[in-house]
Amino acid sequence: MGELEIRQLRYFIAVGEAGSITKAAERLMITQPALSRALQALERKAGVTLLVRGPRKAELTDAGRALLTEAREIVERSRTALERARGAQTTTATLTVSVSECDVVTVSAVCKAFEEAHPGTRVHVNPREWSLPPDDLRTGQADVAFLRDCYDRRDLVVHRLALEPRSVLLPEGHPLADHETLTVADIRDEPVTHWAGMSAAQAEHWSGADSDRLPRRQGPTVRSNTDVLNAVILGRAIAFAHGSTLPDALPGIRIRPVEGLSPSRLDIATSVRAHPGTAHRFVECARRWWAGIR
């Protein structure tokens with residue numbers, strides 16, 4: 001297989017996120033034929049079919065979904081490498097912060113505050129799937145990580161930032177949707193969306209089984225927040241989410257607090273091998289920031 005080009009991976013990511021070659025071409029500001037040729041070249045290098053092309057949309061195959069996850073990481077690594085190289089040349093320190101996609105908005109506000117307080121430091125935010133282990137800290141690809149709930153703490157120094165109550169997402173036509181407050185017992189028999197690749201501990205927490213030990217019904221497997229919302233709106237399952245990631249309203253969905261449901265814990269971590277310096281100053285900044293918004 002020939003070497004992959006970052007440009008081809010960027011194009012492939014755009015199609016995977018847009019679900020359409022036409023929309024992706026518009027986003028990339030290139031012609032549709034040029035994008036199609038680049039995707040065909042990528043498939044030839046991979047030796048597998050990555051996309052099923054339809055008249056209005058392009059759907060990822062299993063191989064395409066696998067490549068999409070890796071492609072995002074490769075592109076982010078290349079961007080980080082370039083920024084660190086530029087930082088070394090200009091004497092500007094670069095700090096890489098790993099954060100789950102659901103917390104990017106909140107964490108970005110902390111990063112901005114840190115940059116304002118430390119003009120010589122630039123913070124790079126690297127989004128990741130929340131269920132992935134914090135291996136980027138252990139391998140040195142990230143300097144600091146924001147982590148939630150169940151994860152491997154081996155070789156990490158962890159500080160708790162917040163405990164956030166979780167709510168349930170119900171389709172608006174659900175019999176319980178008009179209840180102001182629910183209990184764990186009320187939703188015990190409801191199927192719950194199941195994230196692909198979750199550990200047993202993550203699955204227990206996600207479904208509420210960590211606070212109520214009775215068996216849960218596993219709903220459809222999801223791979224993105226969009227999958228979760230679709231499953232709820234279509235009445236296939238319910239889902240849980242913590243407060244800081246929830247908007248005031250979601251079309252077709254009712255959000256209700258649940259008594260007895262375990263909260264979501266937000267932590268910040270560094271590697272045990274991290275040297276005192278910028279990363280530790282960032283951790284202290286984040287701890288003060290979260291203490292100030294309680």
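The values are calculated or read from the model by the stated rules, or taken from the named source; none is laboratory data. The model shown is predicted, which means the values in this text are computed figures rather than measured ones. Cβ atoms come from the backbone with ideal geometry, glycine included; neighbour counts cover every protein chain shown.
One residue stands out in the stretch 169-211 among those that are without any contact (Cβ under 8 Å) to a residue 60 or more places away in the chain and among the polar types (S, T, N, Q): the one that is surrounded by the fewest Cβ atoms within 10 Å (Cβ to Cβ), namely Ser211.
Residues that are among the charged types (D, E, K, R), more than 21 Å from Leu163 (Cβ to Cβ) and more than 21 Å from the chain's Cα centre (by Cα): does the stretch 256-269 have at least one? Checked against the condition, which is being among the charged types (D, E, K, R), more than 21 Å from Leu163 (Cβ to Cβ) and more than 21 Å from the chain's Cα centre (by Cα), the stretch 256-269 yields no hits at all. Taken as a whole, the structure places Asp136 among residues that are surrounded by 18 or more Cβ atoms within 10 Å (Cβ to Cβ) and either modelled with pLDDT under 90 or within 16 Å of Val283 (Cβ to Cβ) (or both).
Here the condition is being surrounded by 13 or more Cβ atoms within 10 Å (Cβ to Cβ) and of a type in the set (A, V, I, L, M, F, W, C); of Ala81, Ala34, Ala109, Ala71, it holds for Ala71 alone. Checking Arg236, Arg154 one by one, the residue that is out of contact with any helix residue (DSSP H, G or I) (no Cβ under 6 Å at 6 or more places or on another chain) and assigned by TED's automatic domain parsing to the domain that holds Ala274 is Arg154 and no other.
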